[in-house]
Amino acid sequence: MKTLKYSRQRESIKACLMRRKDHPTADALYTSIREQFPNISLGTVYRNLNLLVDLGEIRKFSCGDGTDHFDYDTSPHYHFVCRRCGRITDIPMEAASGLEEKAAVHVEGTIEDHTIFFYGVCADCQQEGKRSAGGGRIKGGAESFDPENFQISS
């Protein structure tokens, strides 16, 4: 197995991602990293991010907005995506145990991992919507979701 050479740029990218909780894109990380490494290229950022993903040190995911996002937290956890502003936040709840085993019964093949995104309207956008629309109903009925009665059916 080939030994990976130390890279200040790669360590800086990893440290920057570790400090961020907004699940940034490569472009957003590139903008942040350029403050410390003004001559770094976007290609270098992409290559290092993909290497860190391959090494299992970070996660890469797409949540339907057409771009890849990166997360330093590689533990099993879920995300909330605001349909209005696009903000992605971690949901502080325990990942459902046994979910992969339950799904495996319905799949020909092997399930290795899963990702779950919850979509709705964040509190900031709800407040903005109430201010601009006079307190009208949120499109999609996000305020009526009851997580206590949420069930996965097979």
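The values are calculated or read from the model by the stated rules, or taken from the named source; none is laboratory data. None of these values were measured; they are calculated from a predicted model. When we count neighbours, we look across all protein chains shown, and the Cβ atoms used for this are built from the backbone with ideal geometry, even at glycine.
Brief remarks on what is shown
- Selection count, region 104-131, where residues are assigned to a helix (DSSP H, G or I) and either under 14 Å from residue 88 (Cα atoms) or touching a Pro at 6+ places or on another chain (Cβ under 7 Å) (or both): 3
- If the condition is being touching an Asp or Glu at 6+ places or on another chain (Cβ under 7 Å) and among the polar types (S, T, N, Q), then region 1-60 contributes only 25.
- Candidate set from region 121-139 (those that are surrounded by fewer than 12 Cβ atoms within 10 Å (Cβ to Cβ) and within 27 Å of the chain's Cα centre (by Cα)); member that is modelled with the highest pLDDT: 123
- The condition of being within 15 Å of residue 9 (Cβ to Cβ), without any contact (Cβ under 8 Å) to a residue 12 or more places away in the chain and among the polar types (S, T, N, Q) holds for only one of 41, 62, that being 41.
- The residue pairs whose first member lies in region 1-30 and is in contact (Cβ under 8 Å) with a residue 60 or more places away in the chain, whose second member is part of a helix (DSSP H, G or I), and whose beta carbons are closer than 8 Å, counting only pairs six or more residues apart or on different chains, are 22/28.
- Flag for residue 86 being in contact with a Ser or Thr (Cβ under 7 Å, 6 or more places away or on another chain) and at positive phi: no
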